[in-house]
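The values are calculated or read from the model by the stated rules, or taken from the named source; none is laboratory data. Note that this is a predicted model, so its numbers are computed, not measured. Cβ placement follows ideal geometry from the backbone for every residue including glycine, while neighbour counts extend to all protein chains displayed.
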Amino acid sequence: MKSWIKRNISILMNEVLFIVLKIKSKIDKKVNSNNVFIIRFAHIGDFCIWLDSAKAYRDLYKGKKIIFLTYSYKNITELADATGYFDEVISFETEGFRRINALKWAMHFCGDTIINANPSRSLLSDLFVLAIRVNHRIAQQSDSTEMSPKSLKRSDRIYDKVITCNLNEMELIKNAEFMRGLGVIDFKASMFDIPEIPCRVEVPVEKYAVIFPDADTEIKMWDYKNFAEVISGIIDLYQYKCLILGSEKFKYVGTNIIDLVRDSNCVNLMGETTLAQCIQLVKNAQFVISNDTGGAHIAAGLRTPCVVLAVGWNRGRFFPYKLEQMNTDDVLPIDLVADVKCLNCGIENINRYNPSCGINGVPRCISKNTVEDVLDKFKEIMELKNEKSIKQV
């Protein structure tokens, strides 16, 4: 009941702020500024797969100051800074009533253009677009994950230009279509790069695999008992060390896995690594196994082989990867989705997900994947790695 009240107060507050800021934007005067704002409120995985597009803004807006705007809910500020794609990175506190202070702060900004680069536009991102005084507002065509079709039509009207894209395409392709619409005519979707962030971390001297058994929500998490069996199989077959990485919130999942595996080669580091340390550990790993979460996209950007237990309700949006051009060193993540009739059910917003279609609260498209499925993919990729090593010799 308390969460329902909190959510509805937040919705009401956003609606009031939208009306006030829309009126404000109508009376804003033109400005003479060199600033270009790019706003993207995203989780770490969404941010990673946008990076191939992000680097193109430098060429598109030569001589302009590029300012990246994000929110601190999923802190990607450090990673955004490390890319070198932006002249400045600003992170807003948007939880609860703190968004009012953040919007007051944003109202002091001014620039020539603001670009809402969210494929799933939200009312929250629109508020900041309206708060900042600019001459031009541009948005990517959005799906209805975060807003209803009616709200999206209202949202579209605050922009001078909404660039269309194929909403049924994979995220990398949609981002590329947006860049072409902005004027980068020859832009093609390609693999992104995850920058290294200087940090101190103890990297194992022996070969090791990284396991991400958590996600941003429990409905995307494969049974921890399955992960324990996979880890035991990896240790038995390859004598690899296995590092369990993830958030403090789900540290108990790592503890449960450790209790089942009972092997010193399995180490639980959930909640004990920073983003920078996580990147370094994934970069040096032989292999990654992950739920559908940011860890899988980090592995892709670092060219580390990965098997991901992908969700099926938006099949094709994030996995499997789809590129318009590839390099020889690209390593695409291998995604596993159980073959169930309800694939692409269209329930993209996890707050509207109906767990009755799942097994113990986890949808069948994830829960029906087997330990053997994962280990088979692991073996295939290890064999391919061995073949490449032999050819290089």
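If you go through the stretch 267-281 and keep only what is of a type in the set (Gly, Ala, Ser) and in contact with a Ser or Thr (Cβ under 8 Å, 6 or more places away or on another chain), you end up with just GLY271. Whether a residue is in a helix (DSSP H, G or I) and out of contact with any Asp or Glu (no Cβ under 9 Å at 6 or more places or on another chain) was assessed, and LEU12 passes this test. Residue under question is VAL36, and the condition is that it be surrounded by 15 or more Cβ atoms within 10 Å (Cβ to Cβ) and among the aliphatic types (A, V, I, L, M); does it hold? Yes; evaluated as a whole, the condition is true for this residue.
In the stretch 307-316, which residue that is within 16 Å of the chain's Cα centre (by Cα) and crowded, with 23+ Cβ neighbours inside 10 Å is farthest from PRO198 (Cα to Cα)? The residue in question is VAL311. Residue count for the stretch 162-190 satisfying the condition of being surrounded by 16 or more Cβ atoms within 10 Å (Cβ to Cβ) and assigned to a loop (DSSP other than H, G, I, E, B): 7.
Scanning the stretch 120-140 for residues that are among the small types (Gly, Ala, Ser) and under 24 Å from GLU169 (Cβ atoms) gives SER120, SER122, SER125, ALA139.
Table: residues versus (1) modelled with pLDDT under 90; (2) touching a strand residue (DSSP E or B) at 6+ places or on another chain (Cβ under 6 Å); (3) farther than 17 Å from ILE219 by Cβ.
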{"site": "ALA300", "(1), (2), (3)": "no, no, yes"}
{"site": "GLN325", "(1), (2), (3)": "no, no, yes"}
{"site": "ILE334", "(1), (2), (3)": "no, yes, yes"}
{"site": "VAL337", "(1), (2), (3)": "no, no, no"}
{"site": "GLY346", "(1), (2), (3)": "yes, no, no"}
{"site": "LYS377", "(1), (2), (3)": "no, yes, yes"}
{"site": "GLU383", "(1), (2), (3)": "yes, no, yes"}
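Annotation: ILE38 fulfils all but one of (1) under 21 Å from ASP156 (Cβ atoms); (2) not assigned by TED's automatic domain parsing to the domain that holds GLN140; the unmet one is (2). Here the condition is being of a type in the set (Asp, Glu) and modelled with pLDDT of 95 or more; of ASP59, ASP87, it holds for ASP87 alone. The set of residues in the stretch 212-227 that are closer than 15 Å to MET270 by Cα and either in contact with a Pro (Cβ under 9 Å, 6 or more places away or on another chain) or in a loop (DSSP other than H, G, I, E, B) (or both) comprises PRO213, ASP214, ALA215, ASP216, MET221, TYR224, PHE227.
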